[in-house]
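> Here you go, one structure.
The values are calculated or read from the model by the stated rules, or taken from the named source; none is laboratory data. Since this is a predicted model, take the numbers as computed values, not measurements. Counting neighbours? That spans all protein chains shown, and the Cβs are built from the backbone with ideal geometry, glycine included. Calculation scope for accessible area: heavy atoms of the full protein, side chains included, ligands and nucleic acids excluded. Shrake-Rupley method; radii C 1.70, N 1.55, O 1.52, S 1.80 Å.
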Amino acid sequence: MNEPLMTIKNVSKRYGNHLILENINLSLYDNDFIALVGKSGGGKSTLLRLIAGFEPYSSGEIIFMNQRITSLNKQMRIMFQEDRLLPWMTVSENISFRSRGQQIKEKALSLLELVGLEDFANYYPIQLSGGQRQRVSLARALMANPKLLLLDEPLSALDALTRLNMQELIMDICSKQHLTTILVTHDVDEAARMANRIVVLKHGRKADEISAPEDKTNTEEINLIAAQIKTLILSD
Ligand SMILES: Nc1ncnc2c1ncn2[C@@H]1O[C@H](COP(=O)(O)OP(=O)(O)O)[C@@H](O)[C@H]1O
Ligand SMILES: [Mg+2]
């Protein structure tokens, strides 16, 4: 097997006396799509923040592209449940204001095309639906050509149909752009449908790592895996 893109080795995280994550081990490879699932409060977002370099871990180490994560890394981008767009900027400004160099406008436009919003470049966030705003945040995340995309429940606030469309879009883009992805979700169906591996966190520990069906059209198998993860999360 190739070198991992990222290795999480025995990572623990404490807040004061509370041990939130305990000895997490995980390797990520190019084009991996990992879903991180578990009960609310189980440490999913915390682990994602450690990976993103937002916060230090208490022990262990995270190695990304042969370097120890100690702070923010330009090769990673994160997307949250809230779109975090700037309301006073247009869609295209929101996507491009952090970028420098030539052809920024063209690049922003081609990313808007990729997420199906080429006609909305001059709209303001308030003029868009929730799903469209998340498309803009996805385009913004891609502007920096990241290797690793971190998604913290980005679809949780969307209605069911929009959510399904967005799942398809994200899967399609991640595979086309050769992105490695970690998706935090509490939705086991979403995890089984989107990921190639599912990591179950329980009480701050990695309880299991399950392979998801490769054939994403095999609904029966996806449902089986989803049921299996659900049982695992709910059992004590
Ligand atoms: N900055 C913080 N200070 C203290 N405790 C925190 C902090 N952030 C998260 N926690 C605690 O860590 C636990 C895991 O939270 P979180 O990672 O947000 O869980 P999840 O994303 O799985 O719902 C929770 O008990 C939460 O209260
Ligand atoms: Mg969370």
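> Which whole-Hz couplings ³J(HN,Hα) result when phi for each residue of the range 215-229 is put into the Karplus expression 6.51 cos²θ - 1.76 cosθ + 1.60, θ = phi - 60°, listed in order with x for Gly and Pro?
7, 6, 9, 7, 4, 4, 5, 4, 5, 4, 4, 4, 5, 5, 5
> Then there's this: Using amide H atoms built 1.01 Å from N in the peptide plane, name the residues 5+ places from Ser59, or on other chains, whose amide H lies under 5 Å from its own.
Correct list: Ser12.
> Continuing with this model, one more query. At most 14 other Cβ atoms within 10 Å and a DSSP loop assignment: could you name the trypsin sites (Lys or Arg not before Pro) in the range 35-100 that fit?
Taking the range 35-100 and a limit of 14 other Cβ atoms within 10 Å, the loop trypsin sites (Lys or Arg not before Pro) found are Lys39, Lys74, Arg84, Arg98, Arg100.
> Go through Glu3, Glu106, Glu221 and list them by solvent-accessible area, largest first, probe radius 1.4 Å. Before the final figure, lay out the partial values.
Numbers: Glu3 140, Glu106 110, Glu221 85 Å².
Descending order: Glu3, Glu106, Glu221.
> Further question: Given the rule -39500 (n - 2.57) for each run of at least 4 DSSP H residues, summed and divided by the residues of the chain, what is its mean residue ellipticity at 222 nm, to the nearest 500 deg cm²/dmol?
On the way: 7 runs with 79 residues, N = 236.
Helix-only estimate at 222 nm: -10000 deg cm²/dmol.
> Moving on. Grab the chain and count how many Lys pairs have their alpha-carbon atoms under 18 Å apart, sequence gap of 8 or more, or different chains.
21
> Would you mind checking which residues have amide H under 5 Å from Ile78's amide H? H placed 1.01 Å from N; only 5 or more apart, or other chain.
Leu150
> As a test of the definition: which semi-axes, in Å, follow for the chain when you take the square root of five times each eigenvalue of its alpha carbon gyration tensor? Largest first, please.
Working: eigenvalues 169, 92, 55 Å².
Calculated on Cα positions only, the semi-axes equal 29, 21, 17 Å.
> Evaluate the relative contact order of the chain (contact order divided by residue number), counting alpha-carbon pairs under 8 angstrom at least 6 apart; express in whole percent.
For the chain, the relative contact order is 26 percent.
> While we're on this one: So, with +1 on the Cβ of K and R and -1 on the Cβ of D and E, and no other charges, what is the size of the charge dipole of the chain about its Cα centre, to the nearest 20 debye?
That gives the chain a dipole magnitude of about 940 debye.
> Give me the percent relative contact order of the range 89-144, please, defined on Cα pairs under 8 angstrom at least 6 residues apart.
49 percent.
> With springs connecting C-alpha atoms under 10 Å apart, model the chain as a Gaussian network and identify which of His186, His178, His18 has the largest mean-square fluctuation.
His18
> How far is it, in nm, from the label point at His186 to the one at Tyr123 when both lie 7 Å from their Cα along the line to the Cβ?
Rounded to a tenth, the inter-label distance reads 2.9 nm.
> With a point put 7 Å past each Cα toward its Cβ, work out how far Ser71 is from Asn145 in nm, to one decimal.
According to this spin-label approximation, the distance is 2.3 nm.
> For a quick check of understanding: with a 1.4 angstrom probe and all protein chains in place, what accessible area in square angstrom does Phe54 have, to the nearest ten?
Rounded to the nearest 10, the figure is 90 Å².
> Choose one of Gly131, Val199, Pro87: the residue whose Cα lies farthest towards the positive end of the charge dipole of the chain (beta-carbon charges +1 Lys, Arg; -1 Asp, Glu; about the Cα centre).
Pro87
> In terms of the ratio Rg/(2.2 N^0.38 Å) built on C-alpha atoms, what value belongs to the range 161-236?
Computed over Cα atoms of the range 161-236, the ratio equals 1.11.
> Which ³J(HN,Hα) values in Hz, rounded to whole numbers, follow from the phi angles of the range 157-171 under the Karplus curve 6.51 cos²θ - 1.76 cosθ + 1.60, where θ = phi - 60° and Gly and Pro get x?
Along the range 157-171, the couplings run 8, 9, 5, 4, 5, 4, 4, 4, 4, 5, 4, 4, 4, 5, 4 Hz.
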